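The values are calculated or read from the model by the stated rules, or taken from the named source; none is laboratory data. Since we're looking at a predicted model, the values are computed, not measured. Using ideal geometry, Cβ is built from the backbone for each residue, glycine included, and neighbour counts are taken over all protein chains shown. We work out accessible area using only protein heavy atoms, side chains counted, and drop any ligands, DNA or RNA first. Shrake-Rupley method; radii C 1.70, N 1.55, O 1.52, S 1.80 Å.
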Amino acid sequence: MAGRELVSQAVAEHSDRIVAFARELIAVPTENPPGNAYRECVELIEDRLRGFGLPVEAVRLSPDRVALIAGVGAGPTLFLHGHYDVVPASAPGQFTPSLEGMRLWGRGSADMKGGIASMAFALVAASELRLGGRVELVLVPDEETGGEGGSRRLAELGRLGRNGIGAILGEPTSGRIWNASRGALTLRVTVRGRPAHVGLHYQGTNAFEAALPILQALRGLKHEVEEHRTSFSIAPEAATASILMLGGEVMGGHQFNVVPDRFSFSVERRFNPEEDLEAERSRMLAALRDSTPAGVDVDVQVVQEGSSHAVSEDSVLVRVLRSAIEEVSGRPTTCELCPGLLESRFYAEAGVPAVAYGPGELEVSHGPNESV
């Protein structure tokens, strides 16, 4: 029997345990922000992996952040990568998982506790079959808030991508392989003024009005940015454009009859794989600097940044993964650009090719009807 058939058979024998493990994971409300129930979730995963016969190492990232690494075999390593944090619930009861037929409902079921359960039992199968090479399961916190407290810290400790030949992220890819992802640069811009009674407005400095030329300049940059199109596959056609979004977060003022002494807004830049983080950061900061009125105090905070990343469809990793998917599912799959930011960038920095492929569907992730 071929290796893939052996693995498929081994995983099928554990199907009930896979579902049970996923249900347990979903029931732990690891909402991020702020990072709830992390300890409880880590203890659950560590206990279950050891119960499955897998060796587990807990890597302390900070006083309240832990990564888990479980590996089987020896030699060059294929990483299966996941995150145990989820976005906050958007509907009541999302942390009470329910199974209806072949679909499991609950917050994090698609993104990506279903993926964690799947990858854990891939390791179990590899261990039982004593396959050649090494496979490591890497589970981190804080992916949903940019990865600084999770994968970034793991990389800083020299524990991410070591001796790696490839990595697969179990993200909700809707049956596709994400062989590329956009980079991200998120800024929070705060314009400061001076408050005053509306009747004495001339004694104040209106932060909102001072922000208008800055916003106008960024709107002009937005039109330039949207002229950049990626050559990587992504649908529909409108999705090929590079992204600059203004005002996802807007705050300011205290009351309608007081001159606003503060006005802040977010700038969300998502750039295509053909674009460079350093160049895009320089363009953004130059636009802010050149459009700020004289004498106006402006503070710029970098909330999130991450490089874009791509792996060729002709790479060994993609060809082997695509072949396996098609053999198991009986139908061809496609490679596409992920519309968001992926932790594959951390593996790329370590010189390890990385793609995403997981059991979830992006269309239901983060929503009120999340399921897998």
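Applying a threshold of 9 Å to beta carbon distances and a minimum spacing of six or more residues, or different chains, the list of pairs starting in segment 51-63 at a residue that is in a loop (DSSP other than H, G, I, E, B) and ending at one that is of a type in the set (Asp, Glu) reads GLY53/GLU128.
Here is a yes/no grid of residues against (1) touching a strand residue (DSSP E or B) at 6+ places or on another chain (Cβ under 9 Å); (2) open to solvent by 10 Å² or more (accessible area, probe 1.4 Å); (3) at pLDDT 95 or above:
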position: ALA67; (1), (2), (3): yes, no, yes
position: SER90; (1), (2), (3): no, yes, no
position: PRO97; (1), (2), (3): yes, yes, yes
position: THR145; (1), (2), (3): yes, yes, no
position: ARG159; (1), (2), (3): yes, yes, yes
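Of all residues in segment 101-120, those satisfying the criterion of being of a type outside the set (Gly, Ala, Ser) and modelled with pLDDT of 95 or more are ARG103, LEU104, TRP105, ARG107, ASP111, MET112, LYS113, ILE116, MET119.
Could you list, in sequence order, the residues of segment 193-203 that are out of contact with any helix residue (DSSP H, G or I) (no Cβ under 6 Å at 6 or more places or on another chain) and either open to solvent by less than 50 Å² (accessible area, probe 1.4 Å) or not in a helix (DSSP H, G or I) (or both)? Listed by number, the residues that qualify are ARG194, PRO195, HIS197, GLY199.
Only one of these is under 18 Å from the mean Cα position of the chain (by Cα) and not aliphatic (A, V, I, L, M): THR190, THR145. Name it. So the residue among THR190, THR145 that is under 18 Å from the mean Cα position of the chain (by Cα) and not aliphatic (A, V, I, L, M) is THR145. Taking (1) within 28 Å of THR145 (Cβ to Cβ); (2) of a type in the set (A, V, I, L, M); (3) in contact with a Phe, Trp or Tyr (Cβ under 8 Å, 6 or more places away or on another chain); (4) open to solvent by less than 40 Å² (accessible area, probe 1.4 Å) in turn, ALA210 satisfies each apart from (1).
So that you can scan it fast, the table gives a plain yes or no per residue for (1) in contact (Cβ under 8 Å) with a residue 12 or more places away in the chain; (2) under 28 Å from SER242 (Cβ atoms); (3) surrounded by fewer than 17 Cβ atoms within 10 Å (Cβ to Cβ):
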position: SER308; (1), (2), (3): yes, yes, no
position: SER312; (1), (2), (3): yes, yes, yes
position: VAL316; (1), (2), (3): yes, no, yes
position: ALA324; (1), (2), (3): yes, no, yes
position: ARG331; (1), (2), (3): no, no, yes
position: LEU342; (1), (2), (3): yes, yes, no
position: PHE346; (1), (2), (3): yes, yes, no
position: VAL352; (1), (2), (3): yes, yes, no
position: TYR357; (1), (2), (3): yes, yes, no
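None of LEU218, LEU244 is within 25 Å of GLY306 (Cα to Cα) and under 23 Å from the mean Cα position of the chain (by Cα) except LEU244. Taking first residues from segment 243-272 that are under 10 Å from VAL189 (Cα atoms) and partners that are open to solvent by 20 Å² or more (accessible area, probe 1.4 Å) and aromatic (Phe, Trp, Tyr), the Cβ contacts under 6 Å between residues at least 6 apart in sequence or on separate chains come to PHE263/PHE208.
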